[in-house]
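Have a look at the structure below, then the notes.
Computed from the coordinates by the stated procedures, all read-outs in this text should not be read as laboratory data. Just so we're clear, the structure is a prediction, and the values are computed from it rather than from any experiment. A quick note on method: Cβ atoms are made from the backbone with ideal geometry, for glycine too, and the neighbour counts reach across all protein chains shown.
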Amino acid sequence: MSEKNIFKLTNLVKRFTKGKETLSIFEDLNLSIKEGDFVAIMGPSGSGKTTLLNMLGGVDQPTSGEVEFDGKGIEKLSENQLAKWRASNVGFIFQFYNLMPMLNAHRNVELPLLLTQLKSKERSQRVETALELVGLKDRAKHMPGELSGGQQQRVAIARAVVSDPKLLLCDEPTGDLDRQTADEILEMLQLLNREFGKTIIMVTHDPSAAKFANRVLHLDKGKFVEKELSL
Amino acid sequence: MNSFLSQSFAVIRMNLLSLPRRLWMSLAMIIASAVVVTILLAFLAMARGFEVTLKGAGSDDIAMFLRDGSAAELNSVLSKSQVDLIENAPGIAKDKTGVILSSELYVIVDGIKKTSQTAANIPLRGTSQTGIKMRQDFKLIKGRLFNTGTTEMIVGAGILRQFDGFELGKTIRFGKNKWQVVGVFSTGGNVFESELWSDYRVIQNLYNRGSSVQSIRAKLVEAGDIKQIKEYIKNDPRLNIDVETEADYFSAQGKSLNYMAIFGKVISSIMALGALAGALNTMYTSVADRSREIATLRTIGFSNSSAFVGTLFESLTLSALGGLLGALGAFLLFDGMSTSTLGGSFTQVVFSFELSQDLIVQGMKMALGIGLVSGFFPAWRAARMPVLTAFRTE
Ligand SMILES: Nc1ncnc2c1ncn2[C@@H]1O[C@H](COP(=O)(O)OP(=O)(O)O)[C@@H](O)[C@H]1O
Ligand SMILES: [Mg+2]
């Protein structure tokens, strides 16, 4: 893990307005995340974990404040600039995998590579490597519906890492899996963090999942309560 | 490859692959577009068939003389003295026996339509050997020509198809007069096939026309050149006569069924609005059905234009399939179908539906129009969908 910050949030404010009502999620949130870290964000339901992850991933924008990524503010980028930024910097892993049900595992993993200049042959090679990494090389032709939940999440992980982003954002990645499968997935994330240097930010409400992270942040009432974990 | 293209191709592929999830709605959209196109093409093919049938009858090298202001042969009358003057007009071709010119009469008789078993008007044309020769496509299919001075007639093939009782050898009664069918003729499908022909002098007699006729056809020396004849007529006050080429005469008559095409366009446009409402619903449902996938792709970094293109392509595909199906339907149901309707002279014209390529293009344009409009707004919605819904749990 380097000493460099991958993220720096300054005076972050996030409010949702619905009609006349304003729901305040964060008022003046500050946070730094080191490059190469594996951070778990915990907290009760509705505490704003997903909202925070959305802002880190550039799919939602703060009401005010700064989100610096690699020293550059991303909060003011246009929607299309953000899409490009996500394509080259972020891999997303969702609770319900979000695979394309009509595409086989290979084609699902290939999706992020369609945003690059890579030739079809090169793409195929990368997809195979990614599937091999998650141990599903022999399932490339399977449709998501033919795979178990754990296997689908592994395909999703392959999709998240295939274009080699430095950041992985995971929202309850094991929320829908049994204990043993969940642990396999978490070990895989740990491997990606340790061996491949991916910065991982993972939202979870599961304390045993949080144990796989290097740093655990507790979000409550819009503020962080930090607890370092002894590994 | 260009990233926009590869994104769009991927999204289009996913959209089409997801169609089975919306099978019935998508089929409904295809069928609605197909029905609109079939109906449009039925009217257009009918109008076109009518036009072709009339246009095909007209020659460029025949001048047609009618009384001034009478738009059709039926209400024209030319006196013997006028006929004599026309014979002296310049620019008319000659052979050994003199100018090539056919005096003709055009009276209306009754026939029983096979389809409805009701009486309808048929033209009985009085003509001559010269007149018959002037119809280049004339062919005697059965029997022989009528003899001059007799109540013999030959029957057009269209009449035979659409009316009862005109078979070769039959005796037919029109009023007090009896006629014998001695031959059946074809003129290559044009309007003359919807007529009965006999000797014009016999008709003059039986219908008390004295020595007057209704129209004169004259062979031109130079095809299309009737300027000098027009000049000649203008300079002689006794000739209150209209002259134009036979081609122009029939092409104007062929336009008389243009209201059919217009009517068809109006009807199918109204139906297209209905189809459009259904198609819009289908496409909005498609966007809603794919919202999670769209959001996921957007999160990964796919552009909103790819979501737009994918949705638009889906609706264009469905409507194009509908268009093709509709064209096929029209082809199977109507193409070449023979029917008859009132032509310009209140007589029945027998003609076939003509489904030509350019009409099918018009049908496809209608279908793609439905697809374009019904795809655009849902595609816009797809493109504007917030990205963050991908993380939301269902
Ligand atoms: N787009 C939105 N519009 C309005 N309110 C929202 C929106 N997204 C989230 N919220 C609200 O913000 C709060 C935090 O939501 P979320 O970040 O999903 O919490 P968590 O992931 O910690 O359960 C919740 O009360 C939620 O209803
Ligand atoms: Mg959440």
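The figures follow:
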quantity: Reachable aspartates and glutamates from B:K230, criterion Cα separation under 13 angstrom, eight or more residues apart if same chain; calculated: B:D68, B:D242, B:E244
quantity: Ranking of B:T127, A:T129, A:T116, B:T171 by count of other Cβ atoms within 10 Å, fewest first; calculated: B:T171, A:T129, A:T116, B:T127
quantity: Chain A: angle of helix A:120-133 to the longest principal axis, Cα-based, in degrees nearest 10; calculated: 80
quantity: Relative contact order computed over region B:6-150 (Cα-Cα under 8 Å; 6+ residues apart), in percent; calculated: 12
quantity: Estimated 222 nm signal from helices in chain A, with DSSP H stretches of n ≥ 4 weighted -39500 (n - 2.57), rounded to 500; calculated: -9500 deg cm²/dmol
quantity: Range of Cα positions in region A:14-140 per principal axis (Å), largest first; calculated: 51, 32, 30
quantity: Kyte-Doolittle at least 1.0, axis length at least 30 Å by Cα - qualifying DSSP helices, chain B; calculated: B:23-55, B:304-334
quantity: Gyration tensor (alpha-carbon) shape descriptor, region B:1-49, a/c threshold 1.5; calculated: oblate
quantity: Sequence-separation-based contact order of chain B, relative, with Cα cut under 8 Å and 6+ spacing, percent; calculated: 30
quantity: Average beta carbon contacts from partner chains per residue of A:92-105, 10 Å cutoff; calculated: 5
quantity: Helix A:179-196 axis, angle to chain A major axis (alpha carbon atoms, nearest 10°); calculated: 90
quantity: Per-residue Cβ neighbour rank within 10 angstrom, fewest leading, B:W179, B:W380, B:W197; calculated: B:W380, B:W179, B:W197
quantity: Too-long pairs where the Cα-Cα distance tops 28 Å, listed order kept, from A:K72/A:K121; A:K72/A:K223; A:K34/A:K76; B:K255/B:K365; A:K166/A:K211; B:K176/B:K219; calculated: A:K72/A:K121; B:K176/B:K219
quantity: Between helix A:149-161 and chain A: long-axis angle, C-alpha atoms, 0 to 90°, nearest 10; calculated: 80
quantity: Straight-distance crosslink candidates among lysines, where the alpha carbon sits under 24 Å from B:K178 and sequence neighbours closer than 8 are dropped; calculated: B:K113, B:K114, B:K142, B:K170
quantity: Shielding by partners, peptide B:298-309 (average Cβ within 10 angstrom, other chains); calculated: 6
quantity: Shielding of A:77-90 by partner chains, average beta-carbon count, 10 Å; calculated: 3
quantity: Three-way shape call for region B:69-239 based on the alpha-carbon gyration tensor, with the a/c threshold at 1.5; calculated: prolate
quantity: Most to least packed among B:261-272, A:18-29, A:38-49 [average Cβ atoms within 10 Å]; calculated: A:38-49, B:261-272, A:18-29
quantity: Shape category assigned to the protein assembly as shown from the gyration tensor of Cα positions, a/c cut at 1.5; calculated: prolate
quantity: Fewest-first ranking of A:M188, B:M46, using other Cβ atoms within 10 Å as the exposure measure; calculated: A:M188, B:M46
quantity: Span from the region A:77-101 Cα centroid across to the region B:81-131 one, whole angstrom; calculated: 81
quantity: For region B:352-371 versus region A:118-171, the gap between their alpha-carbon centres in whole angstrom; calculated: 47
